[in-house]
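Inspection log for the structure reproduced underneath, given as structure tokens.
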Amino acid sequence: MRTKLALNTIQVEQVYALNLQYAQKNDPIIQSKEGNFSKFKKMKALQNEKSNALSQILDAGQYRKYLEAKDQMIHNIKDKKQ
């Protein structure tokens, strides 16, 4: 992410902290015994929160590149499932 989005030093620290924060929020969901659909809904909500927070850290061009990379990753995963 650092090189693809050309993050500056401050952004690297902020993104690291954000990733750590959301990894800690995701872990209890992953470890829970809830159904997959329930887990998916909770994880999706957290991902949306994280994306919104990321939009406050990145500039418009960086955020656009982030969204493009995210969409490409989703597309690649869907292709592998088929």
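The values are calculated or read from the model by the stated rules, or taken from the named source; none is laboratory data. Keep in mind it's a predicted model, so treat the numbers as computed, not measured. Cβ coordinates were reconstructed from backbone atoms using ideal geometry, including for glycine residues, and neighbour counts include every protein chain displayed. Just so you know, the surface numbers come from the protein's heavy atoms only, side chains and all, with ligands and any DNA or RNA stripped out. Shrake-Rupley method; radii C 1.70, N 1.55, O 1.52, S 1.80 Å.
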*Out of the stretch 10-55, which residues are open to solvent by 100 Å² or more (accessible area, probe 1.4 Å) and over 16 Å from the mean Cα position of the chain (by Cα)?*
10, 31, 33, 36, 37
*helices (runs of 4 or more DSSP H) wholly in the chain with at least 2 residues that are of a type in the set (Ser, Thr, Tyr) and without any contact (Cβ under 8 Å) to a residue 12 or more places away in the chain - which ones?*
9-31, 36-57
